[in-house]
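The values are calculated or read from the model by the stated rules, or taken from the named source; none is laboratory data. Since the model is a prediction, treat every value here as computed from it, not as a measurement. For neighbour counting, all protein chains shown are included, and Cβ atoms are generated from backbone atoms with ideal geometry for every residue, glycine included. Side chains are part of the model used for accessible areas, which takes the heavy atoms of the whole protein and leaves out ligands, DNA and RNA. Shrake-Rupley method; radii C 1.70, N 1.55, O 1.52, S 1.80 Å.
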Amino acid sequence: MDGQLVVSNLTKVYPKVRAVDNLSFTVQPGRVTGFLGPNGSGKTTTLRMMLNLVTPTAGTATIGGVRYADLPRPLDVVGAVLEASSAHKGRTGRNHLRVLCAAAGYPDRRADEVLDLVGLTPAANRKFRGYSLGMRQRLGIAAAMIGDPKVLILDEPANGLDPEGIKWMREFLRAFASQGRTVFVSSHLLGEMQQLADDVIIIAHGRMVAQGSVSDIIASIAGPGAVRVRTPHVDQLAVELSNYPVTLEYPGENQLLVRGVDAATVGRAALAARAELHELTTEAPDLEQAFLQLTRAQAAIR
Amino acid sequence: MSTSAPMSSVSSHPTLAPAPAEPAGASSVPPLRPRLVRAELRKIFTTSTWWVIGLFVLISTGLTLLVNTLEANQRLGAAEQLRRHPPDFSNAPPGQRPSASEQQAILEDFARRTDIPAIVAEQAANVFTSGQFLGLMLIVILGVLVVTNEFTHQTATPTFLATPRRTRVILAKLVAAMVLAAGYWAVSTAISVGSGVLNFSLRGYDVPFTAMQVWRPVAMNLLAYVLWAVLGVGFGVLIRNQLGATLTAAGLYLIGLPSALLVFGFIHAYIVHSDVVWNFIVAVPGVASMVMVSVEPPRFGPEQTGVPWWIGALVLTAYGVLAGTIGTLITRRRDIS
């Protein structure tokens, strides 16, 4: 069985809100796929429907062609990390995993193996209420790894993690995907996905907004960057640049913001215009801003 | 002991032991899985729930055992006292001597009140089921906790991820709660019977274990423990809020009899005047439980025959099945979010 995830026309209607609206996409093995959308856009509901925790109003979700509920040994196929506090506060981390081992038919030593895998062995016998948020996320990953699954599904795994924890998580997921397995990870931050994901699926208000490779998506939603120039000869440079397909902004005295061409072209134009340059920098597009605009635009369509 | 301890690299992952092979025809096996029952029992034994409830069971058993033992000894002492003074009609003045039939009735009453083996049996049943009243309430709370803990601590998500067939989870919970209830019954009964037998034998009485009126209440006590555990699981599913479910279940258990007496008393006084009305009070779970474990059928009216124990058992079993079924159906449909 391969680890391809297929979501077809998935819909969830609550009495007052259409949380997920006719959503269809596929997630390929061997890649990290980001599932992006603002808070409340239906990501968690979608993930929970894929895992048979929430019943869809319509549509289906399959993992390797099989619905989650029909998997004979689901933990062998899918590991899921959905919320960071899914353990009894008075139970130790090791016992939490041993309960799951018993339910899934694994020997108890499997609990120690996955604790070791996520680096939680020193805290194995500590009660869950004493775990930091980072440790809770790791315990969640340990639980997801019990069945050595082909697919990992994670809901906002970076929430509350310190930079070291985020780096660890990123490396863990990249290594997992590089073994030909599937990683499907939700987030509301495009910047985070830019560093982690190969593909992204973007939703807003339960509807598909965009999907494709991260670089394509970023190029399409953010547009080209701008080149910031500081020069005492703004007017001369502006005249020379009018020979190029550019838009110009004047953000301050002796400053020019050029869109449409790269920094090398602006430098060449400055040389031709005999304009003295004090600064020439390329400004990266503000991804989060572009992402918010995109999803907000989708919301307005409704 | 901190998260900044050296982390194992992800590359260690392939060295993990391979997962056990898929058993053939796994999806066609019956829904009750022993390993799920084991998981449910482990959930209880890895938190403080089991010993906190166990402690309360011990306390309630100990206290009621003391009271019941003292009462038994007092009754037996009174009967022994009475036996030394049998009715003697020879000294009565000739004019006031009871008639032959009256003498017969007095003698029969005397025989009944000094029938030591019968009194031992009755008191033994009482002593051997010590702690039942509070014990059953603790068991219903245990059943509630087995379910509501999953929602209070958000463990329903990993539980249903590991076992998406939710009927199996609820079945395992029902069986685990019943096993635990039977365990608490065994501990409570072992203490009561051990201490009771010691007390009776020290006073020179033999306990007639083979008499139905001794072993039946003990066996029915076990049935009551098991069924209240099932009712607790049902309550836990119906009312997901832990505190709400606990208070409702315990409250209904505690006020079941008094409120039933009130309601049925009202019906008897104003609607149906026949004493037969009282027979239907067994429809209240708390009353059914009481009827089931009683030696003599409890009577609430002079003309009432009393409801036999097995009707109480049937009623409580029906409630248990109903609670378990509704609980399973609700859990199957519920969104876990």
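Side notes on the structure shown:
- Whole-Hz couplings from phi, Karplus 6.51/-1.76/1.60, listed for region B:230-239; x for Gly and Pro: 5, 4, x, 4, x, 4, x, 6, 5, 10
- Shape class for region B:258-330, computed from the alpha carbon gyration tensor (a ≥ b ≥ c): oblate, with a/c not under 1.5 and a/b at or below b/c.
- Residues in region B:133-147 carry Karplus couplings, in order, of 4, 6, x, 5, 5, 5, 5, 5, 5, 4, x, 4, 5, 4, 8 Hz; the curve used is 6.51 cos²θ - 1.76 cosθ + 1.60 with θ = phi - 60°, and Gly or Pro positions show x.
- Excluding same-chain neighbours fewer than eight residues apart, the aspartates and glutamates reachable from residue A:89 by a Cα-Cα span under 13 Å are B:150.
- Local net charge near residue B:236, Cβ-Cβ under 12 Å (Lys/Arg +1, Asp/Glu -1): +1
- Positive minus negative residues near residue B:79 (Lys, Arg vs Asp, Glu; Cβ under 13 Å): +1
- The protein assembly as shown: antiparallel DSSP beta bridges as a percent of all, rounded to 5: 65
- A simple count of charges around residue A:273, restricted to other residues whose Cβ falls under 13 Å of its Cβ and scoring Lys, Arg +1 and Asp, Glu -1, yields -1.
- For residue B:280 and residue B:152, the difference between the fully extended length at 0.36 nm per residue and the C-alpha to C-alpha distance is 42.3 nm.
- Karplus 3J(HN,Hα) series, Hz, for region B:184-201 with 6.51 cos²θ - 1.76 cosθ + 1.60 (x for Gly, Pro): 5, 4, 4, 5, 4, 5, 4, 5, 5, 5, x, 5, x, 4, 4, 4, 5, 6
- Other-chain or far-sequence residues with amide H under 5 Å of residue A:283's (modelled H): A:226, A:227, A:228
- Fraction of accessible area attributable to carbon and sulfur, region A:115-257 (%, probe 1.4 Å): 49
- Across chain A, C-alpha contacts under 8 Å between residues 6 or more apart give a mean separation that, scaled by the residue count, equals a relative contact order of 21 percent.
- Shape call, chain B: gyration tensor on alpha carbons, a/c limit 1.5: prolate
- Spatial separation of Cα centroids for region A:151-201 and region A:30-76, in angstrom: 16
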